[in-house]
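A quick write-up on the structure given underneath.
The values are calculated or read from the model by the stated rules, or taken from the named source; none is laboratory data. All of these numbers come straight from a predicted model, not from anything done at the bench. FYI the Cβ positions are ideal-geometry reconstructions off the backbone, even for glycines, and counts take in every protein chain you see. Heads up: the accessible areas ignore ligands, DNA and RNA and are worked out on the full protein's heavy atoms, side chains in. Shrake-Rupley method; radii C 1.70, N 1.55, O 1.52, S 1.80 Å.
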Amino acid sequence: MIDLIAHNLAPIMFTCVMAMLLIGYPVAFTLAAGGLFFFVIGVELSSVSSEIRLFWPLLQSHPERIYGIMYNDTLLAVPFFTFMGLILERSRMAEDLLDTIGQLFGPVRGGLAYAVVLVGALLAATTGVVAASVIAMGLISLPIMMRYNYNGSFATGAIAASGTLAQIVPPSLVLIVMADQLGRSVGDMYVGALLPALIIVGIYCVLVFAITLVRPQWAPALPPEIRTLGGGVWSLVAVLAAAVAVYLATYHTIFADMRGEVRMVWAATTATLVTLAFSLANRHFKLGILSRLAEQVVIVLIPPLALIFLVLGTIFLGIATPTEGGAMGAAGALVMALVKRRLTLTVLKQALDATTKLSAFVMFILIGARVFGLTFYGINGNVWIEELLLSLPGGETGFLITVTIIVFILGCFLDFFEIAFIMVPLLAPAAETLGIDLIWFGVILGINLQTSFLTPPFGFSLFYLRSIAPMKAWKDEVSGRLLPAVRTAEIYRGAVPFIIVQFLMILLVIAFPGLVTHYKSENVVDPSEVEITIPTFGDQDGLDGSPFGAPADRGEEDGQQLPGLEGLPPLGAPEDGEEAPSAPPVDDLSQPPSFD
């Protein structure tokens, strides 16, 4: 019996810890307690089984392992990006974006839904936190959509799905932690995830368009009296064309002598500042050159877009590391809130408190995962997991599909950080053994977890939306009407079409890995194709095959002299009539040396 327990200690430990997590015990304490408890059992059973490599002095390695977590530069980006997102959320940037983009798409059927999707993508690229995106958009856009007779399921589905974009749109906290756990560059993870994220946003918009064609009554256009900014789309197009012209002009003239990446950054910055300055001057001096719509769109959209470029652009171009990009983003968010006169001491205190709590949450989970990992690896748990996954049928595809199903089920019960710190380190070695690119693998897991956030009945995004949606009939102060409550069944139904889109996206990324692996350089050298040629000396004619280029005929004219050694005695035998040089005298080593 003891032999059986010792042989199967790894699956017993994994099952017990996962069961405790699913019951609802605190993650960090469950991992640490499980690791220490099974460490004691493993030490006692180490004399029975040679598979267990645990001994008491191994506990002394924990301080160094925990110090390694605190010394991790990559994870330093987590508090920076969290602080940036919270400052922007509390400075009511989401409210301004939703109002402006809603006015822009107002004449179009489903315009508010398009606005929710696009603002969800912008918030994802600035806040990087699902809860912040869903709650902000739910509080702002859901009452407006219900006021103008949007279908409840359609409205809640669009809000919940758009909020989950923070899982996959760079600079997502998910991607930072995923890259750290997979041992890959955060910049590569961002570049690899960018194209799938843009495709997801585009498919969301296509889904909204399809629903407005099939069920036009679900998403009516805004009435003309609500569109306070009026028309003026052509004025906006002219402003965008002028910005592109400024970019091209400065790129090829003023900054022409700079390096390519730096040229692009400075040209884009100049075009952005010129456009923003012109719009502000048009408003301040009442020039009337731009329409109110174009003016408002430029003034509201350019600052967050510039902040996104400041963060992501510098990381993609290799100018800044993710940690440095996060620091610049946090500073930029403070400047934006200060310029809009929305940076108060209360807002700053709330943002710092929330950032500290999230950072401490992540660090404690990591500490618990390190304690768990030491014991699990000591009882050959990693070998058990790897052999189990490598024995799956279907090779690489079978492995990816199985892992997708497992992570999806766990994502319905566990938070992303818990899955990243427990499951990803166990799955990565098997993926690497199968030759799977780990950036590709990480993006698949990110999209998978985004899907699990939407899936009833345990999707976290649905819980966030349920917490702020009206649970009973309420009176709208603007229209004066009594509007119905939002039922939980409506939220669940609304998420279904977006879940289907997410599953199709996972299959698309698995089928076409190039959507992610384009981050690799095209000029990759294959070591097996490298040919090494040893250089030769002298003239190439008449070589006898020697790698040093010794000539076949040792005539004087054919290279008795080595190149560059003219004036030294020639090599080879002396010619007729020429006295051979005398050899230097050799001491008789059989006699002791003489000191005369």
* Residue match in region 47-56 (condition: loosely packed, with under 13 Cβ neighbours inside 10 Å and β-branched (Val, Ile, Thr)) -> no
* Asked: In region 434-453, what residues are over 16 Å from the mean Cα position of the chain (by Cα) and surrounded by fewer than 24 Cβ atoms within 10 Å (Cβ to Cβ)?
  -> LEU434, GLY435, ILE436
* So which residues in region 211-255 are surrounded by fewer than 12 Cβ atoms within 10 Å (Cβ to Cβ), farther than 30 Å from ALA277 by Cβ and of a type outside the set (Val, Ile, Thr), if there are any at all? -> LEU213, GLN217, PRO223, PRO224, GLU225
* Among (1) open to solvent by 10 Å² or more (accessible area, probe 1.4 Å); (2) at pLDDT 85 or above; (3) more than 23 Å from ASN8 (Cβ to Cβ); (4) part of a helix (DSSP H, G or I) - the single one LEU374 does not satisfy -> (3)
* Structure fact -> Over region 471-490, the set of residues open to solvent by less than 50 Å² (accessible area, probe 1.4 Å), in contact (Cβ under 8 Å) with a residue 24 or more places away in the chain and either in contact with a Cys (Cβ under 8 Å, 6 or more places away or on another chain) or in a loop (DSSP other than H, G, I, E, B) (or both) is ASP476, VAL486
* To do: Among what's in region 340-361 and is in a helix (DSSP H, G or I) and touching a Leu at 6+ places or on another chain (Cβ under 7 Å), pick the residue that is nearest to ALA77 (Cα to Cα).
  => THR355
* To do: Tell me, please, whether a residue that is closer than 30 Å to THR126 by Cβ, more than 21 Å from the chain's Cα centre (by Cα) and of a type outside the set (D, E, K, R) can be found in region 369-389.
  => yes
* Which condition does ALA268 not pass, out of (1) out of contact with any Lys or Arg (no Cβ under 9 Å at 6 or more places or on another chain); (2) of a type in the set (Gly, Ala, Ser); (3) without any contact (Cβ under 8 Å) to a residue 24 or more places away in the chain, if it passes all the others? -> (3)
* Sort out which residues of region 113-140 are farther than 12 Å from SER172 by Cα, aliphatic (A, V, I, L, M) and open to solvent by 20 Å² or more (accessible area, probe 1.4 Å), and write them in order of number. => LEU118, ALA131, ILE135, LEU139, ILE140
* Go through the residues of region 309-321 one by one and say whether even a single one is at pLDDT 80 or above and open to solvent by 20 Å² or more (accessible area, probe 1.4 Å). => yes
* Structure fact -> Here, helices (runs of 4 or more DSSP H) confined to region 1-116 with at least 3 residues that are closer than 30 Å to VAL335 by Cβ are 77-90, 93-104
* **Residue within region 390-405 that is outside any helix (DSSP H, G or I), in contact (Cβ under 8 Å) with a residue 60 or more places away in the chain and within 30 Å of GLY494 (Cβ to Cβ) present** => no
* **Subset of region 377-396 [open to solvent by less than 40 Å² (accessible area, probe 1.4 Å) and not polar (S, T, N, Q)]** => GLY378, ILE379, GLY381, ILE385, LEU389, GLY395
* Mind checking whether some residue in region 249-272 is at pLDDT below 90, of a type in the set (Asp, Glu), part of a helix (DSSP H, G or I) and farther than 17 Å from PHE309 by Cα? -> no
* Taking SER467, is it polar (S, T, N, Q), outside any helix (DSSP H, G or I) and farther than 20 Å from SER172 by Cα? -> no
